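The values are calculated or read from the model by the stated rules, or taken from the named source; none is laboratory data. Because the structure is a prediction, the values reported are computed rather than measured. In this analysis, Cβ positions are derived from the backbone assuming ideal geometry, glycine residues included, and neighbour counts consider all displayed protein chains. Protein only, heavy atoms only, side chains kept; ligands, DNA and RNA dropped before computing areas. Shrake-Rupley method; radii C 1.70, N 1.55, O 1.52, S 1.80 Å.
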Amino acid sequence: MPKANRDQEPASDASEVADRASTSRAAVKNLIETSEKAGGQKKLPAVYDGSFGRTLYDTSGSSDGSVTVVMPPDKILNVTSQALLRIESHPDGRRYVGTVSAGPFYDPDGISADSTAMVISAVNGAIGMPGHHGRLQLQLLGEERGGRIGPANRRPIPNSPVFLVDDAEMSSILGLEGDFAIGRVMGHETVDVPVPVHKKSVLYRHTGVLGTTGGGKSTTITNYAAGIAEEGAAVILLDTEGEYTTMHEVTADADMLALARAQGLPVKGVPNTHVLTLVGREPSNPDHPSHTEFTLEFSVLSPWTAIEILGMNDAQQGRFLAAYDIGRRLLGDINIFPVKKDVESERQALDWDEMESGYPHLTLALLIDVVSACIAHLKKGEVTFWASDLMRKRSDAQAKLKEIIDQTELEKVPSSWMKVSGLLWRMHRLKIFDRADAAHLDVPAMLKPGRVNIIDLSDLDSPVLRNLAIAQVLRQLQTEQERAYELASVKGQTPTPVNLIIEEAHEFLSTARIRQMPTLYEQVARIAKRGRKRWLGLTFVTQLPQNLPDEVLALINNWILHKIQDESVVGRLRRTIPAIDQSMWRSLASLQPGQAVVSLAHMRRPIMTQIHPSTAKLRLES
Ligand SMILES: Nc1ncnc2c1ncn2[C@@H]1O[C@H](COP(=O)(O)OP(=O)(O)OP(=O)(O)O)[C@@H](O)[C@H]1O
Ligand SMILES: [Mg+2]
């Protein structure tokens with residue numbers, strides 16, 4: 001009541017005042033009683049405490065697995081893209097987890113964002129705008145029951161509270177378990193993205209590291225190789241550019257050093273690296289403290305792989321294989337291999353699989369001399385043995401060879417034989433096979449725990465040479481790991497895990513090359529298949545995933561995807577990697593150097609990852 005009126009009223013007597021007071025007390029009491037009868041003061045259920053947003057009703061545009069969440073304006077900045085969220089569905093009490101797949105967006109209150117009124121106001125420089133709220137799209141990962149995430153067969157109830165999952169809980173929900181961290185979850189500085197080295201079901205089902213130039217692949221590989229070795233596995237790195245031959249040293253890249261220091265990472269090179277260069281080739285880093293030359297062994301190379309690598313036509317192939325057979329008979333007849341009555345060598349000869357390896361003791365030099373003898377026979381001339389010591393020095397071998405050739409029905413046309421001879425001589429002149437002055441690859445030593453073996457292929461500019469070397473390494477690696485696996489199994493143990501990293505995989509395994517060299521590809525596929533059981537993992541690295549055929553992509557179960565812009569590549573990968581959702585595929589094109597989508601077989605979902613900076617020195621670094 002206005003003050004002026006009260007002043008004009010006549011003074012009340014005491015009984016009137018008391019009367020009025022009891023009336024208003026009665027009214028208040030009455031009001032409280034009525035409200036209590038109606039259920040008392042309305043309070044939010046406790047389940048909403050600490051939530052930042054609510055689920056919304058579905059619309060005709062809703063889709064399975066995706067839920068719309070809205071929030072008040074002061075909460076929008078707390079939510080980042082890809083953040084992990086939990087919904088406490090109310091009142092049914094179910095718990096769901098999911099990640100932000102789109103947004104959060106700013107929506108104006110009470111009016112549509114693209115309405116004419118909003119657009120015209122903005123265009124005309126309006127300062128006052130309606131209030132707003134946040135909206136995001138959440139992709140359900142599943143329903144949480146007893147600490148485990150299972151499939152979600154229902155949807156959360158509308159108007160349920162939504163919470164941010166804190167960093168501490170994130171790792172267990174996403175299955176981020178492993179032995180060393182390759183990086184951190186983007187937007188969550190304290191959550192590591194670890195790689196498990198001792199889980200058979202992950203790295204030994206093979207890995208692809210893809211991305212355009214400068215995306216950060218080599219940095220990732222440096223961390224990856226170092227981490228795997230530190231965990232007691234062995235690493236073999238096929239280094240096409242000799243880039244890794246300096247990684248035992250600390251980088252001079254000031255940005256990388258600053259980044260590493262800021263993240264509290266140790267500043268160091270990669271320990272226990274060993275560089276192997278093919279005999280006679282220029283090493284990328286002659287100053288490496290552990291640097292050895294190795295020779296190739298022709299007898300490791302399957303004759304079929306040799307045929308492919310040398311690109312022989314059918315006529316040449318027939319003659320090559322005929323000479324190969326003569327060489328084998330000769331070795332037996334002069335008791336070099338198999339040695340008579342020697343059980344082990346006789347077993348080896350019987351077990352020989354021409355698709356997998358070359359014939360023991362059959363050198364390239366011997367084969368050249370066999371071909372020369374065949375040519376001399378067809379031309380009815382005299383033979384001179386130029387290539388092998390064996391044929392030069394042992395008259396019994398010469399006589400035996402003549403005898404075998406006399407008994408053999410040789411393909412005529414000496415010119416094809418000459419071609420084969422020319423191809424073999426060309427290979428011989430590379431001086432990489434069976435060199436007495438260089439060591440053979442000591443594969444058992446290479447597979448010691450913690451070793452990083454860098455095969456420096458940088459001075460092998462011809463693909464023939466490079467593929468010869470790679471074929472050889474693959475073959476020897478496979479044989480040795482199979483042996484190690486058998487030995488360990490007998491004792492109920494597991495062998496030292498091995499990871500073979502193939503840099504520039506698109507050169508070695510391109511669609512065109514696989515068509516040209518099916519045997520070499522078969523070898524890779526066989527290693528991939530057999531490696532799963534035997535702890536031998538392959539890692540393919542390439543900036544041209546478009547050149548990798550589907551067969552190779554199909555071997556891969558773990559992915560580290562750096563920036564990829566080519567839409568056709570993304571489209572193809574999308575069909576191969578179903579786990580990655582649309583929003584992640586979209587973000588691939590705009591990733592910064594060092595950022596990657598990491599999808600390892602054991603993870604509950606792929607993770608946008610900031611790969612750790614590396615403090616190791618790479619040779620080609622700017
Ligand atoms: N994890 C990272 N953290 C910070 N910066 C990085 C990271 N990875 C890469 N970079 C930056 O990007 C540059 C290129 O990285 P890197 O050489 O690893 O790429 P790449 O994909 O191997 O390139 P290329 O295809 O040319 O071999 C680095 O010199 C560095 O500046
Ligand atoms: Mg690189």
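Does THR220 qualify as being in the same structural domain as PHE540 (by TED's automatic domain parsing), in a helix (DSSP H, G or I) and open to solvent by less than 50 Å² (accessible area, probe 1.4 Å)? Step through it out loud before you land on a result.
On the way: in the same structural domain as PHE540 (by TED's automatic domain parsing): yes; in a helix (DSSP H, G or I): yes; open to solvent by less than 50 Å² (accessible area, probe 1.4 Å): yes.
Criteria met by THR220.
Whether any residue in the range 214-223 is within 12 Å of ligand 1 (Cβ to nearest atom), more than 20 Å from GLN565 (Cα to Cα) and not hydrophobic (A, V, I, L, M, F, W, C) is what I want to check. Yes, because at least one residue in the range 214-223 is within 12 Å of ligand 1 (Cβ to nearest atom), more than 20 Å from GLN565 (Cα to Cα) and not hydrophobic (A, V, I, L, M, F, W, C).
On inspection, ILE405 qualifies as surrounded by fewer than 22 Cβ atoms within 10 Å (Cβ to Cβ) and touching a helix residue (DSSP H, G or I) at 6+ places or on another chain (Cβ under 6 Å).
Of these, ALA254, ALA260, which one is of a type in the set (Gly, Ala, Ser), in contact with a Pro (Cβ under 8 Å, 6 or more places away or on another chain) and more than 16 Å from ligand 2 (Cβ to nearest atom)? Let's see the steps before the verdict.
Details: ALA254 fails: in contact with a Pro (Cβ under 8 Å, 6 or more places away or on another chain).
Matching residue, one of ALA254, ALA260: ALA260.
Where residues in the range 498-507 are open to solvent by less than 10 Å² (accessible area, probe 1.4 Å) and within 16 Å of ligand 1 (Cβ to nearest atom), which of them is nearest to LEU237 (Cα to Cα)? Step by step, filter the range 498-507, then rank; the result is ILE501.
The residue pairs whose first member lies in the range 118-131 and is aliphatic (A, V, I, L, M), whose second member is in a helix (DSSP H, G or I), and whose beta carbons are closer than 7 Å, counting only pairs six or more residues apart or on different chains, are MET129/SER121.
Would it be correct to say that SER101 is surrounded by 10 or more Cβ atoms within 10 Å (Cβ to Cβ), at pLDDT 90 or above and under 33 Å from the mean Cα position of the chain (by Cα)? Here the answer is no, as SER101 does not meet what is asked. Criterion applied to THR213, THR207 was being within 30 Å of ASP550 (Cβ to Cβ), open to solvent by 60 Å² or more (accessible area, probe 1.4 Å) and in the same structural domain as ASP456 (by TED's automatic domain parsing), and the one residue passing it is THR213. Here is the figure for the range 376-396: residues that are without any contact (Cβ under 8 Å) to a residue 12 or more places away in the chain and loosely packed, with under 11 Cβ neighbours inside 10 Å total 5.
Looking for something closer than 30 Å to TYR485 by Cβ, assigned to a loop (DSSP other than H, G, I, E, B), open to solvent by 30 Å² or more (accessible area, probe 1.4 Å) and of a type outside the set (Gly, Ala, Ser) - is there at least one such residue anywhere in the range 173-188? Can you show your working first?
Step one: filter the range 173-188 for residues closer than 30 Å to TYR485 by Cβ, giving 175-182.
This time we only want the ones that are assigned to a loop (DSSP other than H, G, I, E, B), so: 175-179.
Restricting the remaining residues to those that are open to solvent by 30 Å² or more (accessible area, probe 1.4 Å) gives 177-179.
If we keep only those that are of a type outside the set (Gly, Ala, Ser) as well, we get 177, 179.
Yes.
Within the range 518-528, can one find any residue that is more than 30 Å from ALA445 (Cβ to Cβ), open to solvent by 50 Å² or more (accessible area, probe 1.4 Å) and either outside the structural domain of GLY187 (by TED's automatic domain parsing) or more than 14 Å from the chain's Cα centre (by Cα) (or both)? Steps first, answer last, please.
So the first thing to find is which residues in the range 518-528 are more than 30 Å from ALA445 (Cβ to Cβ), and the list is 518.
Adding the requirement that they be open to solvent by 50 Å² or more (accessible area, probe 1.4 Å) leaves 518.
Restricting the remaining residues to those that are either outside the structural domain of GLY187 (by TED's automatic domain parsing) or more than 14 Å from the chain's Cα centre (by Cα) (or both) gives 518.
Yes, the range 518-528 contains at least one residue that is more than 30 Å from ALA445 (Cβ to Cβ), open to solvent by 50 Å² or more (accessible area, probe 1.4 Å) and either outside the structural domain of GLY187 (by TED's automatic domain parsing) or more than 14 Å from the chain's Cα centre (by Cα) (or both).
Here ALA225 passes the criteria (1) small (Gly, Ala, Ser); (2) touching a residue at least 60 places away in the same chain (Cβ under 8 Å); (3) open to solvent by 10 Å² or more (accessible area, probe 1.4 Å); (4) over 16 Å from ILE607 (Cβ atoms) except the one numbered (3). Taken over the range 189-217, the criterion of being among the charged types (D, E, K, R), farther than 20 Å from PHE540 by Cβ and not in a loop (DSSP other than H, G, I, E, B) is satisfied by ASP192 alone. Note on the range 374-485: enclosed helices (runs of 4 or more DSSP H) holding 2 or more residues that are outside the structural domain of GLY242 (by TED's automatic domain parsing) are 389-393, 395-407, 414-429. Condition test on GLY211, is it out of contact with any Leu (no Cβ under 7 Å at 6 or more places or on another chain), closer than 24 Å to LEU176 by Cβ and at pLDDT 95 or above? No.
Residue by residue through the range 230-287, note down the ones that are of a type in the set (A, V, I, L, M, F, W, C), away from ligand 1 (no atom under 16 Å from the Cβ) and open to solvent by 10 Å² or more (accessible area, probe 1.4 Å). Show your work before the answer.
Just the residues of the range 230-287 that are of a type in the set (A, V, I, L, M, F, W, C), to begin with: 233-238, 247, 250, 252, 254, 256-260, 262, 265, 267, 270, 275-276, 278-279.
Narrowing further to those that are away from ligand 1 (no atom under 16 Å from the Cβ): 233-236, 275-276, 278-279.
Result: LEU276, single match.
Just checking, how many residues over the range 397-435 are among the small types (Gly, Ala, Ser) and touching a residue at least 40 places away in the same chain (Cβ under 8 Å)?
Restricting attention to the range 397-435, the residues satisfying the condition of being among the small types (Gly, Ala, Ser) are 397, 399, 415-416, 421-422.
So of that shortlist, the ones also touching a residue at least 40 places away in the same chain (Cβ under 8 Å) come out as 397, 416, 421.
Summing the residues that are among the small types (Gly, Ala, Ser) and touching a residue at least 40 places away in the same chain (Cβ under 8 Å) in the range 397-435 gives 3.
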